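Everything on this sheet refers to the single structure shown next.
The values are calculated or read from the model by the stated rules, or taken from the named source; none is laboratory data. Since the structure is predicted, the reported quantities are computational estimates derived from the model, not experimental observations. Quick reminder, even Gly has a Cβ in these numbers, built from the backbone with ideal geometry, and neighbours come from all protein chains shown.
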There are 2 protein chains.
Amino acid sequence: MKLSSKNLEARLDTVYDAIVVGGGMGGLSAAIYLARYGLKCLIVEKGKGRSMWMQDLRNYVGLDPETSGIEILKQSTKDAIDWGADHLRGFVEDVTDEGDTFAVKVKVGKKDEEGTTFRSKYLIAASGVIDKLPETDNMQNVYDYAGYTLHVCMICDGFDMWDQKAVVIAGTEGQINAAFVLNWFTPYITVLTHGLCEVGDEMRQKLADHGYPLYESPIVKFHGEKHKMSGVELADGTVVEATTGLINMGSIYHNQYLKNIEGLEWNGENLVTNDMAKTTHDRIFALGDLKQGLNQVSVAVADGTKAATQIWRNIRRASEPRKWDENIKETASV
Amino acid sequence: MKLSSKNLEARLDTVYDAIVVGGGMGGLSAAIYLARYGLKCLIVEKGKGRSMWMQDLRNYVGLDPETSGIEILKQSTKDAIDWGADHLRGFVEDVTDEGDTFAVKVKVGKKDEEGTTFRSKYLIAASGVIDKLPETDNMQNVYDYAGYTLHVCMICDGFDMWDQKAVVIAGTEGQINAAFVLNWFTPYITVLTHGLCEVGDEMRQKLADHGYPLYESPIVKFHGEKHKMSGVELADGTVVEATTGLINMGSIYHNQYLKNIEGLEWNGENLVTNDMAKTTHDRIFALGDLKQGLNQVSVAVADGTKAATQIWRNIRRASEPRKWDENIKETASV
């Protein structure tokens, strides 16, 4: 059922089998499986996730490669609800481990100052990351190219940068290293720091050895039209010619609500999980970009499958067998 | 490129980066990624795989749940070829590890008695399994229901059996245990052995405790119409009323071509793999139903992603950096 501030009262006494934080590809996969296992689940989706930025998903089996992230989210959100999942637009502010259940405090709309609390036996953290983009005076100019010819994922989009003149935009010296990997797809690379970091002598030498120009002046605007880049204008007046770019400025993790929970093992901002996407907490699973591993849609979707299946196994094994109802006893005739 | 006996000569001197044995969901995912990494790959597909039997794929994010296995295979085979993969209809008879390469002997069509040999640096085993079905005098009658209301995967289709009268068809005593799991979805279960195994006293007692009738007479035919089961007729004249069924008779593994390769660790018929779908042989990856884990499309697709990505990383790290071509040196103007 689609929940909103108007009808969520009906679910305040429900103890869900699982609450899925994040309605991206991984969270939806978990919800579809949970619902088809007959388990009660709630997806809480804040909107504006990483997959919403995908103009097309070219490497995911079964889909036309022109399919956009928004189309996939729409289809699968509908499917999850059709199979029986609840779906709520809201922001998870905090989670409290109550022992057998979690209390999940959700801010539903701007007026919900106190937050609304839902309860579940299991928690699936699928709230992902959002890529940092270079901040400029006119962010619309950045959005005009991000997801089109200005990419954030080399594995996804390196192919579409083949032998083009490319910029790598890095916010730290370490992030510049992406240029030496992008070299596989194109050697025509210029590195931009947007004025965000110092670059040491060793890195300067390595860039020079590869023949990669380095510009440290802030980006003023991207040039081009109809989402097709032609260059990048810097504050010092330089215009770098480039038809594509890779932004490698790191990610913002949506994991604050997990920070007070005991028993979770972290690797930086990523959760450590086992081969069924379970964290080191027995009732918390993590998937997609929040966990260690490849940040690919296919991997997130599989991890959703695994998390839901393990939760189903746990709940099923702890349940009494259902009984044959007397009313439909007769099944064989001779 | 689509290869056949007519044009395969063009590829006999090629050393592929990877040959993918099996063009199901997992193999196609690997091929799409390999091609988008700019690697040379060949998919060898024998046809009639497990996914071809899927009338709809209801639990895979992004697809309309009515989408059939055949539609997905068609779309993604086209995509893989469009991105640059080669695709050949043929049967892999044998693989020889030559040290740096594999010699993969493929039977292409009935006339190809000697087999045709292709070479690759890496091998991706994605040739899967096929489910054993109960053999009857009229197999068409079995196929009329298999994949529609007579299922082979409880995780996939348990939801669609909810509270229905169901038969569990098992070929060994151990396989009968599926009935106690199917209980989650429906308690109205009758067990059929198709006359294939002895059932011990302990199992008989357990079935009686659950209230599950056991019939050991061979199946003669399925009753119903338009792919909708209504019952199962046995050789002794019994007709068991059932609107759905689960076949749990094990699988036939397509892994013979790997049996002479040294260094592979097996768990029964499944290959042991690491978290990037690599087997214990450094140049062989395995995915989908051939490896340990959940036999789910989403998992096979993710494993294809991982195998291709690891192969790309290996090959990339062993390559010299590409150089900036003098002809397009100028990128910045002030």
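Key figures for this structure:
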{"item": "Answer from B:Ala18, B:Ala35, B:Ala31, B:Ala10 - the residue that is over 22 Å from B:Lys111 (Cα atoms) and either more than 14 Å from every other protein chain (Cβ to nearest Cβ) or without any contact (Cβ under 8 Å) to a residue 12 or more places away in the chain (or both)", "result": "B:Ala18"}
{"item": "Residue match in region B:83-103 (condition: within 11 Å of another protein chain (Cβ to nearest Cβ), within 27 Å of B:Ile315 (Cβ to Cβ) and part of a helix (DSSP H, G or I))", "result": "yes"}
{"item": "Flag for B:Glu233 being more than 25 Å from the chain's Cα centre (by Cα) and within 28 Å of A:Glu320 (Cα to Cα)", "result": "no"}
{"item": "Selection from region A:25-50 of residues that are touching a Leu at 6+ places or on another chain (Cβ under 9 Å) and either surrounded by fewer than 23 Cβ atoms within 10 Å (Cβ to Cβ) or not in a helix (DSSP H, G or I) (or both)", "result": "A:Lys40, A:Cys41, A:Leu42, A:Ile43, A:Val44, A:Glu45, A:Gly49"}
{"item": "Residue list for region B:292-326, restricted to those being outside any helix (DSSP H, G or I) and facing chain A (nearest Cβ under 8 Å)", "result": "B:Gly293, B:Leu294, B:Gln296, B:Ser319, B:Pro321, B:Arg322, B:Lys323, B:Trp324, B:Asp325"}
{"item": "Qualifying positions in region A:248-260 - surrounded by 14 or more Cβ atoms within 10 Å (Cβ to Cβ) and either hydroxyl-bearing (Ser, Thr, Tyr) or over 21 Å from A:Gly304 (Cβ atoms) (or both)", "result": "A:Asn248, A:Met249, A:Gly250, A:Ser251, A:Tyr253, A:Tyr257"}
{"item": "Test: residue in region B:244-265 that is under 18 Å from B:Gly293 (Cβ atoms), within 14 Å of another protein chain (Cβ to nearest Cβ) and of a type in the set (A, V, I, L, M, F, W, C)", "result": "no"}
{"item": "Pick from region A:109-140, criterion at pLDDT below 95 and of a type in the set (A, V, I, L, M), ranking: farthest from A:Leu258 (Cα to Cα)", "result": "A:Ile130"}
{"item": "Candidate set: region B:269-290, residues that are out of contact with any Lys or Arg (no Cβ under 9 Å at 6 or more places or on another chain) and surrounded by fewer than 24 Cβ atoms within 10 Å (Cβ to Cβ); chosen: the one nearest to B:Ile130 (Cα to Cα)", "result": "B:Glu269"}
{"item": "Subset tally (residues that are within 14 Å of chain B (Cβ to nearest Cβ), touching a strand residue (DSSP E or B) at 6+ places or on another chain (Cβ under 7 Å) and surrounded by 19 or more Cβ atoms within 10 Å (Cβ to Cβ)) for region A:139-160", "result": "2"}
{"item": "Selection within region B:109-127 - buried (at least 18 other Cβ atoms within 10 Å of the Cβ) and part of a loop (DSSP other than H, G, I, E, B)", "result": "B:Ala126, B:Ser127"}
{"item": "Residue count, region B:59-76 (criterion: at the interface with chain A (Cβ under 10 Å from one of its Cβ atoms), surrounded by fewer than 22 Cβ atoms within 10 Å (Cβ to Cβ) and touching a helix residue (DSSP H, G or I) at 6+ places or on another chain (Cβ under 7 Å))", "result": "3"}
{"item": "Residue identified as outside any helix (DSSP H, G or I) and surrounded by 20 or more Cβ atoms within 10 Å (Cβ to Cβ) among B:Gly263, B:Gly245, B:Gly237", "result": "B:Gly245"}
{"item": "Scope region A:161-189; condition buried (at least 16 other Cβ atoms within 10 Å of the Cβ), assigned to a loop (DSSP other than H, G, I, E, B) and within 13 Å of another protein chain (Cβ to nearest Cβ); matching residues", "result": "A:Gln164, A:Lys165, A:Asn183, A:Trp184, A:Phe185, A:Thr186, A:Pro187, A:Tyr188"}
{"item": "Unique match (being over 21 Å from B:Ala85 (Cα atoms), assigned to a loop (DSSP other than H, G, I, E, B) and charged (D, E, K, R)) among B:Asp282, B:Asp289", "result": "B:Asp282"}
